[in-house]
Amino acid sequence: MQTPDEKKVFVKEKFSAISHKYDFLNSVLSFQIDRYWRWVTTRELKQFPDGAVLDLCAGTLPLSLELTRQAPERQVFAIDFCEDMLRAGVKTLPSDNRRERIFPVCGDGEKIPAHDESFWGITVAFGVRNLGNTQDGLEEMHRVLKPGGKLLILEFSRPINPIVKPVYNFYLNKVLPQIAGVISGDKEAYEYLASSIAAFYKPEELMDMMKKVGFRSVHCRPLTFGVVTVYIGIK
Ligand SMILES: C[S@@+](CC[C@H](N)C(=O)[O-])C[C@H]1O[C@@H](n2cnc3c(N)ncnc32)[C@H](O)[C@@H]1O
């Protein structure tokens with residue numbers, strides 16, 4: 001059993017090791033459905049088209065890009081503690097004006113390098129599960145959000161449909177680590193993906209934590225048979 005600090009070291013190393021293949025593998029392994037999930041998530045911020053938004057655990061910036069694509073005045077602060085992921089993302093940014101509106105920052109999601117009440121929106125795609133301490137991260141997200149601002153968490157969940165569940169579990173535990181291991185050269189990173197999804201909070205538990213740190217109107221929306229869930233909360 002890892003301590004929160006050990007988990008952070010492990011997670012940073014794993015993302016660093018796969019950073020050069022992350023986008024490609026994401027697309028292939030999700031059959032490109034991840035684009036739809038990101039679109040649905042970012043659409044939830046359409047009432048804040050020009051305020052500053054924080055994309056936490058931004059990785060290679062796919063959600064930051066979607067956030068700037070959907071709102072031509074929006075600025076996105078993209079924070080991640082793995083410099084290699086951010087660098088891989090910056091390399092592939094298109095050379096239009098979206099590039100000028102994305103500000104990558106290397107920093108820890110559990111000690112967000114931003115003043116209180118800085119952002120109208122926060123997005124965290126596939127990042128909350130990787131934090132050393134989920135509650136600390138949620139408290140920080142609450143701190144840096146403006147009153148009335150919106151938190152959106154996109155995270156893997158576990159399908160409960162009796163037909164989908166065994167197929168999904170077989171794919172996640174057996175097929176995916178093999179393919180991803182060969183392509184990325186790091187099978188352990190994708191075994192961690194499966195085990196971290198299995199160990200993560202149930203939707204009700206995560207929503208209770210969001211409420212506990214002060215979010216209101218907390219609700220969630222499962223997508224693709226509950227393979228992922230979008231969690232929404234207002235400060
Ligand atoms: C699965 S990737 C998701 C990247 C991106 N959001 C996406 O949608 O593809 C998770 C990211 O969370 C980052 N991460 C994990 N723990 C973090 C922490 N404590 N602070 C900042 N970033 C963190 C990792 O470095 C990694 O880039």
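Projected over every direction and averaged, the convex hull enclosing the alpha-carbon atoms of region 14-113 yields 6.3 nm².
Filter K8/K187; K46/K111; K21/K202; K146/K211; K8/K111 down to the pairs with a C-alpha to C-alpha distance above 20 Å, please. Checking Cα-Cα distances, K46/K111; K21/K202 exceed 20 Å.
Add -39500 (n - 2.57) for each DSSP H run of 4 or more in the chain, then divide by its residues: what number comes out at 222 nm, to the nearest 500 deg cm²/dmol?
Numbers: 10 runs with 102 residues, N = 235.
Estimated from H runs of four or more residues: -13000 deg cm²/dmol.
Would you compute the Debye intensity of region 145-207 from its alpha-carbon atoms alone, equal scatterers and no solvent, and pass along log10 I(q)/I(0) at q = 0.24, 0.27, 0.28 Å⁻¹ to two decimals? With no solvent term, the Cα-only Debye profile gives -1.03, -1.15, -1.18. For the chain, the relative contact order comes to 20 percent (Cα pairs under 8 Å, sequence separation of at least 6).
When you work out D = kT/(6 pi eta Rh) for region 119-161 at 10 °C and 1.306 mPa s, using the Kirkwood radius from C-alpha pairs as Rh and the Stokes-Einstein form, the result is 140 µm²/s. Binning the C-alpha pair distances of region 125-235 at 5 Å intervals from 0 yields a P(r) profile of 2, 12, 20, 21, 17, 12, 9, 6, 2, 0 %, listed from the shortest bin outward.
Report, to two decimal places, the Cα Rg of region 172-235 normalised by 2.2 N^0.38 Å (N = number of residues). If you can, show how the numbers build up before the last one.
Values: Rg = 15.4 Å, N = 64, 2.2 N^0.38 = 10.7 Å.
Ratio of Cα Rg to 2.2 N^0.38 Å: 1.44.
Arrange M85, M209, M1 by Cβ neighbour counts within 10 Å, fewest through most, would you? Walk me through the intermediate numbers first.
Working: M85 26, M209 18, M1 4.
Listed from fewest to most nearby Cβ atoms, that is M1, M209, M85.
Please order E191, E140 by the number of other Cβ within 10 Å, starting at the fewest. Can you show the working numbers first?
Details: E191 15, E140 20.
Sorted ascending by nearby Cβ count, the order is E191, E140.
By the Stokes-Einstein formula, at 1.002 mPa s and 20 °C, region 50-92 with its Kirkwood radius over alpha-carbon pairs has D equal to 208 µm²/s. Shape descriptor for region 55-172: Rg over Rh equals 1.02 (Cα atoms; Rh from the Kirkwood inverse mean 1/r). By the count of other C-beta atoms within 10 Å, a proxy for reagent exposure, R101, R35 are ordered fewest to most as R35, R101.
Projected onto their three principal axes, the Cα atoms of the chain cover extents of 43, 40, 33 Å, largest first. One Cα centroid belongs to region 102-145, the other to region 172-234; the line between them spans 17 Å. Only beta bridges with both residues in the chain are counted; by DSSP, about 40 percent of them are antiparallel.
Values quoted throughout were computed directly from the atomic coordinates according to the rules given, and no laboratory measurement underlies them. If you're wondering where the values come from, they're calculated on a predicted model, not measured in any experiment. Ideal geometry is used to build each Cβ from the backbone, glycine not excepted, and the neighbour counts take in all protein chains shown.
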